[in-house]
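A.B. asks: Below you will find the structure I want to go over with you.
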Amino acid sequence: MLGEPIRVGRQVVRNRIVFPAHLTNAAEDNRPSAQHAAYYAARAQGGAGLVIVEEQALDRPYEKAVLGTDPAVVPGYRAITDAVHAHGAVVLAQVGHNGAQSSSLYARTVVEAPSPVPDPMFREVPVALDDAGIARVVEGFATVARHCVAGGFDGVEIQGSQASLVRQFLSPLTNHRTDRYGDGVLFLREVLAAVRAEVGGGILGVRLQGDEGLDGGLTAADAARVAARIADLVDVVNTAVGVATVTLPLIEPPMGVPAGYAEPVPSAVRAALAGTGIPVIGVGRYTTPEQAERALSSGACDLVGVVRGQIADPSFATKALAGRRVRHCIGCNQECIAAVGLNRRLGCVVNPDAGRESVPVPAPGPRRRVLVVGGGPAGLAAAAEAAERGHDVDLVERSDRLGGRLALAAAAPERGELALAVADLARRCRDAGVRISLRTDARELRDAGSGAADPAWCRTREEEVGGPDGGPPRQLRDAGSGAADPAWCRTREGADVVIVATGARPDPPSGTIDVTDVLTGTASPSGRVLVVDELGGPAAPSVAELLARRGARVRLMTSGMVAAEGLGPLLERERWRRRADALGIELLTDRVLLGDGILHHPTDTLEPLDADAIVHAGPAVPAEIELVGTRVGDVLAPRDAAAAIREGTDAARAVR
């Protein structure tokens, strides 16, 4: 079903795969940029049937919003629509007003809403719109729609979910009015009527809030009720769950949340619209073609929204329809959700080109022999990219497995999807012809000047050298000849380019166990275990959970004011806290580990260690290796997988 065309209004969309609206932070001077055009065009070129461009705002809810009321946005709109249409996709613009989910710091004026109910995140008391204010807002929607039509969009989608004034009118939690607008559907109908007058026969859609995830808030039944009341005005209904503040993890759930968790909402809306011919878009962490296909075949929706899956792989749709493997979104939220939340431009851990589609990729240089030392994410990315660009590539890895610290992290609870990133990189290496040697130390490769190959570093026909996913043996010699064939042996000196990606090594304080030793099974602490978190990211919380599941009595300690604070931007902290509470993990904040105890620094009190073992999550140090070459990833400076994959990719593209 994914490949079946579908009529939406007067348009025929070529397939059922939608790239829904989401923030990119790519605006320049609150106008669309060249990056916007390149970003959306890449997904259209990748086969998406319908592309919905991020919110074009009436207000200024955040610093890098596109202000759709400004006529100067029209040329940027035209650049986007021309680029998307060139690849055969239908393109809509989402139009919205954020209401109370905003800040006067950006707008430099009061925040407006249906009622003076402050949002729990922004905590700013809004001004209740009067009739004149409502009329002004309705006209603002019409103005943005007019600019969208002038910019070549096939229609618009009204934002009525998540961070939305429309949702605030519809929700009993935020609409306390006693006048006629106490019925929030009236406001929505006025907006839709005004916008329909501007788009004419173009597509008019609405994204409705389904389950706010809050007691007394909107539910799937409410979304169905609203959809039925506006069916005479719209051509397509999109859906959502969660509120873009207090229940944000429902909108962009992290790894571990199953696909289709939000299906009750589109299912209810579709039932309410039965017989109208109005298609319904379902969302809910669909990151693989199989998940998207199941959503359609189950009858949950008519079209499937895939956001992070198409950020990770712009060619998701084309590959899905051809039955080819896609690059997996791993649900880490690190460079997409967290980055945008921290006011950075959207990116992706597994796709280093996401967020920089407008930056030209240099053409491949002459074919070179490239030696990549290290099989972690940086080395795998460098080897795969170099081989795909036509170079002759060898990768040597000292251990007996690929993936480095990223593969280790996948062993922790709720982190298993990290292994998909390693598998995808390894598969790319295999498909591009990279020769991979495991259990090989680059410092002991033979000296090319010796005139003879060292048989210890050459492989035999009988030996599988670690080709990913069961690839064929490579680097062969005749085991019976008693001598290695130098043609099948690789040297440091024989390479034209060496890329060093040997990673980092733990550096725990004396008397403590590093978290990586727990993940590898080198150490198995039990009893009373103190986990010291000096990183703030997933490492310490994950290992604390792992040990608690094994029966240890675990305390997680941090010098910060909040335990597991790094999980917050990733939208993992809420789920982790629930699991930690169920497992009895004690959280200690504002504390520092000293040699003879624990210092609670707000009170300057020294507390006893009271631990049978101390597990430490702290900064690593670059692995020491005397190799001349381009250093990438943790061996350059220990950071994260996103930096490693990006630097490995860039190093390969720089090979000349």
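Yes or no, residue by residue, for (1) in contact (Cβ under 8 Å) with a residue 60 or more places away in the chain; (2) in contact with a Lys or Arg (Cβ under 7 Å, 6 or more places away or on another chain); (3) of a type in the set (D, E, K, R); (4) on the phi > 0 side of the Ramachandran plot:
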site	(1), (2), (3), (4)
R31	no, no, yes, no
Q45	yes, no, no, no
V51	no, yes, no, no
R60	no, no, yes, no
Y77	yes, no, no, no
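A.B. asks: Of all residues in region 246-271, which are over 30 Å from R578 (Cα atoms) and surrounded by fewer than 20 Cβ atoms within 10 Å (Cβ to Cβ)?
C.D. replies: First, the residues of region 246-271 that are over 30 Å from R578 (Cα atoms): 269-271.
Answer for region 246-271, where residues must be over 30 Å from R578 (Cα atoms) and surrounded by fewer than 20 Cβ atoms within 10 Å (Cβ to Cβ): just A271.
A.B. asks: Continuing with the same structure: D232: farther than 17 Å from V138 by Cα, out of contact with any Leu (no Cβ under 9 Å at 6 or more places or on another chain), of a type outside the set (F, W, Y) and part of a loop (DSSP other than H, G, I, E, B), yes or no?
C.D. replies: yes
A.B. asks: Give all pairs with beta carbons closer than 8 Å in which a residue from region 263-275 that is assigned by TED's automatic domain parsing to the domain that holds D235 and touching a residue at least 60 places away in the same chain (Cβ under 8 Å) meets a residue that is among the hydrophobic types (A, V, I, L, M, F, W, C) and not in a helix (DSSP H, G or I); count only pairs at least 6 apart in sequence or on separate chains.
C.D. replies: Once the first residue is assigned by TED's automatic domain parsing to the domain that holds D235 and touching a residue at least 60 places away in the same chain (Cβ under 8 Å) and sits in region 263-275, its partners that are among the hydrophobic types (A, V, I, L, M, F, W, C) and not in a helix (DSSP H, G or I) give V269/L208; V269/V237; V269/V280.
A.B. asks: Same structure, new question: Say whether the condition of being touching a residue at least 12 places away in the same chain (Cβ under 8 Å), β-branched (V, I, T), assigned to a helix (DSSP H, G or I) and touching a Leu at 6+ places or on another chain (Cβ under 8 Å) is met by at least one residue in region 579-589.
C.D. replies: no
A.B. asks: Among what's in region 534-564 and is hydrophobic (A, V, I, L, M, F, W, C) and part of a loop (DSSP other than H, G, I, E, B), pick the residue that is nearest to P602 (Cα to Cα).
C.D. replies: Looking at the filtered set, the residue picked out is M561.
A.B. asks: Another question, if that's okay. Scan region 231-259 and report the pairs whose first residue is outside the structural domain of G202 (by TED's automatic domain parsing) and under 17 Å from T219 (Cα atoms) and whose second residue is of a type in the set (F, W, Y) and crowded, with 23+ Cβ neighbours inside 10 Å, with Cβ atoms within less than 6 Å and a gap of 6+ or a chain change.
C.D. replies: Within 6 Å, no pair qualifies.
A.B. asks: So which helices (runs of 4 or more DSSP H) are wholly in region 1-111 and hold at least 3 residues that are within 22 Å of A145 (Cβ to Cβ)?
C.D. replies: Answer list for region 1-111: 34-45, 74-85.
A.B. asks: Any idea which of (1) in a helix (DSSP H, G or I); (2) in contact with a Ser or Thr (Cβ under 7 Å, 6 or more places away or on another chain); (3) farther than 20 Å from L58 by Cβ is the one P120 doesn't satisfy?
C.D. replies: It fails just one condition, (1).
A.B. asks: Which of the residues belonging to region 603-651 are of a type in the set (V, I, T) and part of a loop (DSSP other than H, G, I, E, B)?
C.D. replies: Hits for region 603-651 are T603, I625, V628, V632.
A.B. asks: Based on this model, can you work out whether A21 counts as among the small types (G, A, S), closer than 29 Å to S298 by Cα and within 18 Å of the chain's Cα centre (by Cα)?
C.D. replies: So A21 passes the test.
A.B. asks: Please pick out the residue among D154, D130 that is in contact with a strand residue (DSSP E or B) (Cβ under 8 Å, 6 or more places away or on another chain) and among the acidic types (D, E).
C.D. replies: Just one listed residue meets the conditions, D154.
A.B. asks: Among the residues that make up region 594-614, is at least one of them under 30 Å from the mean Cα position of the chain (by Cα), surrounded by fewer than 21 Cβ atoms within 10 Å (Cβ to Cβ) and not assigned by TED's automatic domain parsing to the domain that holds Q334?
C.D. replies: Pass one, region 594-614, residues under 30 Å from the mean Cα position of the chain (by Cα): none.
No.
A.B. asks: Being more than 24 Å from the chain's Cα centre (by Cα) and of a type outside the set (A, V, I, L, M, F, W, C) is the filter; apply it to region 156-174 and report the residue that is surrounded by the fewest Cβ atoms within 10 Å (Cβ to Cβ).
C.D. replies: Within region 156-174, the match that is surrounded by the fewest Cβ atoms within 10 Å (Cβ to Cβ) is P172.
A.B. asks: Looking at S559, is it farther than 19 Å from G256 by Cβ, surrounded by fewer than 20 Cβ atoms within 10 Å (Cβ to Cβ), in contact (Cβ under 8 Å) with a residue 40 or more places away in the chain and not hydrophobic (A, V, I, L, M, F, W, C)?
C.D. replies: yes
The values are calculated or read from the model by the stated rules, or taken from the named source; none is laboratory data. These numbers were taken from a predicted model, which means no experiment stands behind them. As a convention, Cβ positions derive from the backbone with ideal geometry for all residues, glycine included, and neighbour counts pool all protein chains shown.
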